[in-house]
Amino acid sequence: MKFQGKVLNWNDEKGFGFVEPNGGGKRAFVHIKAFKPRSRRPVNGEIIVYELVQDNNNRYKAENIQFARDARHLKKRSQAKKGSHLGEIFIALFCAVLLTSTYFGKLPLIITGIYIVMSLITFATYAIDKSAAQNNRWRIKENTLHLLSLIGGWPGAFFAQKKLRHKSSKKEFKRVYWVTIILNLSGLFWIHTEKGINVINNVIYPLFNG
């Protein structure tokens, strides 16, 4: 079980002190060797996360200690990595469904082509915007990035956010980004309906066939 508490009476020369858990509880002995990883030395008043163990003399000591802010950082990184894997799986499933639907003639090849082209354009647009941000140049509007996602570039936007680390930490931007995915997939679903097929056959195909 993990506890969180404040370092007290730290003797940096000897490398030990005590920790008092937040909200009260048993004070425990803290030794510098119990920090994992041992990135730096603690100071009095610093918040740590630790496991409480009892030695053979019935004294309590802290083990597997982390600085609280380091633990939060690692948790965020773990959650981001997990979310990234789920996103990759989602896109892989989407591509499989898209290609299967195209192969069996339920979806025009041009639609698959639009997703590919728009994803490449969107990735390039993210790269240009990040470069502009780093060099204090004129930025691309977020609405433009969302529009590109909406019309089929959202897979490219996902990989741009992951690989370029651009717009990946802005919560409001990410919320709107997922809205564009939902709207786009809703449109893709509609294309598979009878009305959607009629529009493809009577409107889209004639445009590309002259």
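Give me log10 I(q)/I(0) at q = 0.16 Å⁻¹ for segment 135-178, Debye formula, one equal scatterer per alpha-carbon, no solvent. These q points yield log10 I(q)/I(0) values of -0.40. Counting only residues at least eight positions apart within a chain, or on another chain, the aspartates and glutamates with an alpha carbon under 14 Å from that of K167 are D129, E142.
Only one item in (1) 26.7, 89; (2) 16.7, 56; (3) 16.1, 47 matches Rg and Dmax of the Cα atoms in Å derived from the coordinates shown, and that item is (1). Run the accessible area of the chain with a 1.4 Å probe and give the carbon-and-sulfur part as a rounded percent. About 60 percent, which is the carbon plus sulfur part of the accessible surface. Average 1/r across all pairs of distinct alpha carbons in segment 1-56, invert it, and you get the Kirkwood radius: 11.4 Å.
Computed over every Cα-Cα pair of segment 84-151 and binned at 10 Å starting from 0, the pair-distance distribution P(r) comes out as 18, 38, 29, 12, 3 percent. For the cross-link pairs K141/K162; K141/K163; K61/K170, the ones whose C-alpha atoms lie over 30 Å apart are K61/K170.
One Cα centroid belongs to segment 23-71, the other to segment 133-210; the line between them spans 48 Å.
The values are calculated or read from the model by the stated rules, or taken from the named source; none is laboratory data. Predicted model, so just to flag it, every value in this text is computed and none were measured. Protein only, heavy atoms only, side chains kept; ligands, DNA and RNA dropped before computing areas. Shrake-Rupley method; radii C 1.70, N 1.55, O 1.52, S 1.80 Å.
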